[in-house]
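Worksheet: one structure, shown below.
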Amino acid sequence: LFGALDRQPPDALLAVIGMHRADPRPDKIDVGVGVYRDASGATPVMRAVKQAEARLLAAQPSKAYLGAEGDQRFTDLLAGIALGPELAASDRITGVQTPGGTGALRLGAELLARSGAGTIWVGTPTWPNHGPIFREAGLTVRHHAYFDAETAGIDEQAFLSSLDAAAPGDVVLLHGCCHNPTGTALSPDQWQRLVAKLAERRLIPFVDLAYQGLGRGLDADAAGTRTLLAAVPEALLAYSCDKNFALYRERVGALWVQSATPETGAAVRDTMLVLARSLWSMPPDHGAAVVRVILEDDDLAAEWRAELDAMCARINRLRTLLAAIHPALASIADQQGLFALLPIDAAAVEALRAQHAIYMPASGRINIAGLNEDNVARFAAAIAPYLGD
Ligand code: PLP
Ligand code: TYF
């Protein structure tokens, strides 16, 4: 049976972790996989998370099954953060806990397939897992224009006009903020024009919000998503808490689906639960319970927000430093989130690894948080020869 299977390449992003770990050079720099790092290069457990975990350890009464929806109070409290109070109260929006943002994307993909959707459009470039997640669920993945390497910005005209090739009922995957891998973000005006295009073409948005709070702040980073949901009848929102609560391996996320009517929403929810039962039965509890404990408690929630704000500020300080170093990097200051796409090729990436112990995927994407005030100058000097004039 299994003899027909071919060997597969490792995940290009996760492979960088192993290569960096094996390098003995003391001044090595890891700007590979997308996890937040502090100035010492660590990815610490957040203070509010530690306190919530201590409370759970002391007081959690049971670990008995919850159900396919997971911790519903987690999802409802998180809706206030992600959607804001008005949309969170909508009787057309229903949400369930999922294993990370990836689980939310996959559950949404399965729901789309079950509903008869055939095609999802993703931007070029996008997170490399997007294509496989939707294809494994049986959807056709097509690509729309998005990034302009010349300006290191969004080619809005090409983006919107490439959506003219989509058929009514097609789905469009959008990054809510902090685009992975380019760091770009739509302005409020650009969101408005995108909303108009989606409405005109009768396309269904599927927003992936995996970095809320790491760009411009919690509300600013969700503003485009909220504008969109308020304007269209149907939409999906895959959410990850793994970056903004630094819970990565705990796999914390949620999927919200907005339907045209509350009645349709009830059938959507039933279907989400049926699909979740066959995918993972129930999502893992611990990380979602941690987030619930934080959001239930004003003091813990304030502590979480303050630490998240500090992480966001550190990323933006590094962005300013990096952008000032070379004209080809200037746009990094205006972009947001962990990532930027360097205008260098795979050969340059390999040379940087061999000669300077600098680790990034072959795409030239860097995780800005892997830099610090001490190594940013050395990093800039190493990449400068590959950036042109
Ligand atoms: N979406 C994007 C754009 C991401 O970069 C990631 C990163 O991991 C995810 C979704 C998935 O998040 P999670 O680790 O919660 O599955
Ligand atoms: O883009 C990143 O680096 C993060 C982390 O298969 C990640 O989204 C990367 C690859 C992967 C899962 C998560």
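The values are calculated or read from the model by the stated rules, or taken from the named source; none is laboratory data. Bear in mind the structure is a predicted one, so any value in this text is a computation, not a measurement. Neighbour counts are summed over all protein chains in view; Cβ atoms, including those assigned to glycine, are modelled from backbone coordinates with ideal geometry. The accessibility values were calculated without ligands, DNA or RNA, using every heavy atom of the protein model including side chains. Shrake-Rupley method; radii C 1.70, N 1.55, O 1.52, S 1.80 Å.
Structure notes:
- Whether the stretch 79-226 is rounded, prolate or oblate, judged on the alpha carbon gyration tensor where a/c under 1.5 counts as rounded: rounded
- Based on C-alpha pairs under 8 angstrom that are at least 6 apart in sequence, the chain has a relative contact order of 26 percent.
- Nonlocal amide H pairs with Arg365, under 5 Å, H built at 1.01 Å: Leu342
- Taking each DSSP H run with n ≥ 4 as -39500 (n - 2.57) and averaging over every residue of the chain yields -14000 deg cm²/dmol at 222 nm.
- Rounded accessible area of Val35 (nearest 10 Å², 1.4 Å probe): 30
- Packing-based ranking of 324-336, 287-299 yields 287-299, 324-336, ordered from highest to lowest mean Cβ neighbour count within 10 Å.
- A 1.4 Å probe, protein heavy atoms only, puts the accessible area of Val31 near 0 Å².
- The DSSP beta bridges internal to the chain are antiparallel in roughly 50% of cases.
- Under the simplified labelling scheme, the Asp374-Glu150 pair shows an inter-label distance of 4.2 nm, with each label point 7 Å from Cα along Cα→Cβ.
- Taking a sphere under 15 Å around the Cβ of Gly131 and counting the other residues whose Cβ falls inside, with K and R at +1 and D and E at -1, yields a net charge of 0.
- Partner lysines whose Cα lies under 30 Å from the Cα of Lys50, excluding those fewer than 8 positions away in the same chain, are identified as Lys28, Lys63, Lys243.
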